[in-house]
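The values are calculated or read from the model by the stated rules, or taken from the named source; none is laboratory data. Computed from a predicted model, the values in this text were never measured in an experiment. Don't worry about glycine lacking a Cβ; one is built from the backbone with ideal geometry, like all the others, and counts go over all protein chains shown. We work out accessible area using only protein heavy atoms, side chains counted, and drop any ligands, DNA or RNA first. Shrake-Rupley method; radii C 1.70, N 1.55, O 1.52, S 1.80 Å.
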Amino acid sequence: MMKNKKRMRRLFMTGYCLTPQQRIDNSAVLCENCNILAVGGASAFNMDAELEVYDLPDAYIMPGFIDTHIHGGMGFDASRADCQESSIQNMSRLLAARGITGFVPTVVSMDHQTMLERLQSLSQVMDSAMPGAEPVGIHLEGPFINPQKRGAQDQGAIIKVDLGFARELIAAGKGKIRRVTFAPELENSDKLVELLCENAIQPSMGHTVANEAETLRAIDAGARCCTHLFNGMPPLEQRQISVTAVALTDDRVTTELIIDGRHLHPRMIELACRCKPGTKLVAISDATMASGMPDGAYWIGNSPIVVENGFSHTSEGKLAGTTTLLDTGWHSLMSYANVNETYAACSVSCNPAISMNLDDRGILRPGTRADLAVFEQGSNRLLMTVRSGEIVYSAEGIQPVKTPEYLEDEP
């Protein structure tokens, strides 16, 4: 008789867990195949014969991180998916080794044909099997932005709003585009917002000098996100209100923050955390292909960048993304902004999931995906990453204390 498909049930017991909205001491998370079955105190769980058990009393567990704004890693640049030696699989492995289970590859402005071709290539490589973290959508950071706030992007590739080109980009993305950064002050930006919303794509305000009226018009039209708050936009000013102040104070808007400690002064991070509701702040890496790599020459799209002492910049000295990832950034957020661990944990898990309409992950709750990250207490060293129930990273020496012989589904 043919056996039924085996089930895999794993129990993770740790010193505590962050759900992330609350902390549970002496915790356990029970998973079956790709989903979480139960979360609670370890004493409530039975050590039956069906379980593979990991007992890590000096560790804590939380949802796997989700990075909604990342350009690349381990030599892979999302904007150059068709013309480089390194692969998205290498990036996937790197991110899994940092506790990240989901990421949104970010594409910058390029000329018309190149951007379409590379977007198609990225869409195709995203369909391949991933050994670690999973790409969950594409973010287009341009090309409908303001050249005055272009950052490291190629000025020649930045254009006015072109609805026809926008439709071509949407088609090239094959349903994978989840967010587009645009400048609200551009003519026809309200029509762009409407087009994006019609296609279930989130318009995000960024690389902009929009004033209060232009910003509110975009928000009223459907823009609910702000790309890397404070960066690529005017500074706060007491009498001239811009997109920066509106995004900071309008609770309809979810704001990204780059938390590498270089793009923003810690007090600006604290200001944002004091202003934004806990669910409306998303920590991002903005990491480039140089993350996980040594100092040297790299790219963001068609723009060359240089990494020195771990910091990336253009030949003009402008900051150009980062090389840091969320595993270090979320702890920096706690020290920079004086927030507790649940607030910081939300910023890298459930908040980015909510912002991307990923309602099946980002939280330790029965029925959600078993996307988990396990860290050592004290050192915060990553011990294990679990994506959709599969262990995609494990530190040396981490072994189950009990393994099942087998478990078959009921007929």
In Å, the C-alpha Rg and Dmax of segment 111-189 are 13.5, 43
Add +1 for every Lys or Arg and -1 for every Asp or Glu among the other residues with Cβ under 10 Å from the Cβ of Leu382, and state the total.
0
Alpha carbon centroid spacing (whole Å) that separates segment 125-184 from segment 212-242
20
Cα-Cα longer than 30 Å, checked against Lys174/Lys318; Lys191/Lys318; Lys160/Lys318; Lys149/Lys191; Lys280/Lys402, kept in input order, equals Lys174/Lys318; Lys191/Lys318; Lys280/Lys402
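Which whole-number percent is the relative contact order of the chain (Cα, under 8 Å, 6+ apart)?
Values: 1010 pairs, mean separation 93.4, N = 411.
Contact order relative to length: 23 percent.
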If each K or R counts +1 and each D or E counts -1, the residues other than Ser189 whose Cβ falls under 13 Å of its Cβ total -4
For segment 4-105, what size does the Cα cloud have along each of its three principal axes, sorted from largest down, in whole Å?
52, 38, 20
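How big is D for segment 236-342, in µm² s⁻¹ as a whole number, if Stokes-Einstein is applied with the Kirkwood radius of its Cα pairs at 4 °C and 1.567 mPa s?
Stokes-Einstein gives a translational diffusion coefficient of 86 µm²/s.
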If you put +1 on each Lys and Arg Cβ and -1 on each Asp and Glu Cβ, how big is the dipole of the chain around its Cα centre, in Debye rounded to 20?
300
Could you work out, for segment 271-407, what percent of all Cα-Cα pairs fall into each 5 Å distance bin, beginning at 0 Å and stopping at the bin that holds the largest distance?
2, 8, 14, 16, 17, 17, 14, 8, 3, 2, 1, 0, 0
As a percent rounded to 5, the proportion of antiparallel DSSP bridges among beta bridges in the chain is 55
Residues of segment 211-234 with backbone N under 18 Å of the label point set 7 Å from the Cα of Arg267 along Cα→Cβ are 230-231
Using the C-alpha atoms of segment 45-141, what convex hull volume per residue, in cubic angstrom, is computed?
117
Dimensions in Å of the chain - Rg and Dmax from alpha carbons:
21.5, 78
Looking at the chain as a GNM with Cα springs under 10 Å, which of Asp250, Asp48, Asp190 has the largest mean-square fluctuation?
Asp48
Could you sort the peptides 100-110, 388-398, 300-310 by per-residue average Cβ neighbour count (10 Å cutoff), highest mean leading?
100-110, 300-310, 388-398
Excluding Pro57 itself, what net charge comes from residues whose Cβ is under 13 Å from its Cβ, given Lys and Arg +1 and Asp and Glu -1?
-4
What figure in square angstrom, to the nearest 10, would you give for the accessible area of His71 with a 1.4 Å probe?
10
Take the Cα atoms of segment 106-245, find their three principal axes, and give me the spread along each one in whole Å, biggest first.
52, 32, 28
Please report, to two decimal places, log10 I(q)/I(0) for segment 330-371 at q = 0.22, 0.32 Å⁻¹ as given by the Debye formula with identical point scatterers on the Cα atoms and no solvent.
-0.70, -1.01
Need one number: % antiparallel among DSSP beta bridges in segment 254-410, to the nearest 5.
75
Just reorder Arg178, Arg387 by solvent-accessible area, largest first, 1.4 Å probe, all chains present.
Arg178, Arg387
For segment 338-396, state the average projected area of the convex hull of the C-alpha atoms over all orientations, rounded to one decimal in nm².
4.9
Can you give the accessible area of Tyr54 in Å² (nearest 10), computed on protein heavy atoms with a 1.4 Å probe?
10
Expressed as a fraction of 2.2 N^0.38 Å, the rule-of-thumb size for a compact globular protein of N residues, what is the C-alpha radius of gyration of segment 152-217?
1.10
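In percent, how large is the relative contact order of segment 129-225, given Cα pairs closer than 8 Å and 6 or more residues apart?
It comes to 31 percent, rounded to a whole number.
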Using θ = phi - 60° and the Karplus form 6.51 cos²θ - 1.76 cosθ + 1.60, what ³J(HN,Hα) does each residue of segment 190-196 get, whole Hz, x for Gly and Pro?
5, 5, 5, 4, 4, 4, 5
